[in-house]
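One structure is given below, encoded as structure tokens.
The values are calculated or read from the model by the stated rules, or taken from the named source; none is laboratory data. The shown structure was predicted, so the numbers you read here are calculated from the model rather than taken from an experiment. Counting neighbours? That spans all protein chains shown, and the Cβs are built from the backbone with ideal geometry, glycine included. Quick note on the areas: whole protein, heavy atoms, side chains included, nothing else; ligands and nucleic acids left out. Shrake-Rupley method; radii C 1.70, N 1.55, O 1.52, S 1.80 Å.
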Amino acid sequence: DAGVHSKAWYAATCDRKMAEDALYRSNKDGSFLIRRSSGQDSQQPYTLVVFYNRRVYNIPIRFIESTRQYALGREKSGEERFDSVAEIVENHQRTSLVLIDSQNNTKDSTKLKHIVRVS
């Protein structure tokens, strides 16, 4: 279990558009939630959705079968791995998360600060 189901930041019934709309409404840097990934792929079960600098970032959360751990984004060497999705959130509430804008090729970073609930 990824440790998401009882968490305030987990939006179980939320799709990408609902998540993005909720974050735009919050309009606070560091607002976030976690939703199920659109593809329903066991390798990428969840998506971390973060608002920063008037943009919404959808960051895939990968499940690594071999170690039964989770990691953010595309696989890279030396990446941080976590035992649960809850650990990813707790970690990035303390340490900044790098946000990569692939369209403009820019990098920002923010901590996960404000839980957004989707109504």
Every residue from the range 74-119 that is of a type in the set (D, E, K, R), part of a strand (DSSP E or B) and in contact (Cβ under 8 Å) with a residue 12 or more places away in the chain: Asp101, Asp108
Qualifying residues in the range 69-79 (those that are at pLDDT 95 or above and either over 18 Å from Thr110 (Cβ atoms) or out of contact with any Asp or Glu (no Cβ under 8 Å at 6 or more places or on another chain) (or both)) - the one surrounded by the most Cβ atoms within 10 Å (Cβ to Cβ): Tyr70
Counted residues, the range 19-41 - those being open to solvent by 70 Å² or more (accessible area, probe 1.4 Å) and touching a Pro at 6+ places or on another chain (Cβ under 8 Å): 1
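Results for (1) of a type outside the set (Val, Ile, Thr); (2) in a loop (DSSP other than H, G, I, E, B); (3) over 11 Å from the mean Cα position of the chain (by Cα); (4) at pLDDT 95 or above, shown as yes or no for each residue.
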| position | (1), (2), (3), (4) |
| --- | --- |
| Val4 | no, yes, yes, no |
| Thr13 | no, yes, yes, no |
| Lys28 | yes, yes, yes, yes |
| Arg36 | yes, no, no, no |
| Gln40 | yes, no, yes, no |
| Val49 | no, no, no, yes |
Ala71 in contact (Cβ under 8 Å) with a residue 40 or more places away in the chain and either in contact with a strand residue (DSSP E or B) (Cβ under 6 Å, 6 or more places away or on another chain) or over 21 Å from Asp21 (Cβ atoms) (or both): no
Close pairs from the range 18-40: first over 20 Å from Lys7 (Cβ atoms), partner among the aliphatic types (A, V, I, L, M) and surrounded by 16 or more Cβ atoms within 10 Å (Cβ to Cβ), Cβ under 7 Å, at least 6 apart: Tyr24/Val56
The lone exception for Phe63 - which of (1) open to solvent by 50 Å² or more (accessible area, probe 1.4 Å); (2) more than 17 Å from His92 (Cβ to Cβ) it fails: (1)
Search result, residues across the range 81-119 that are of a type in the set (Asp, Glu) and at pLDDT 95 or above: Asp83, Glu87, Glu90
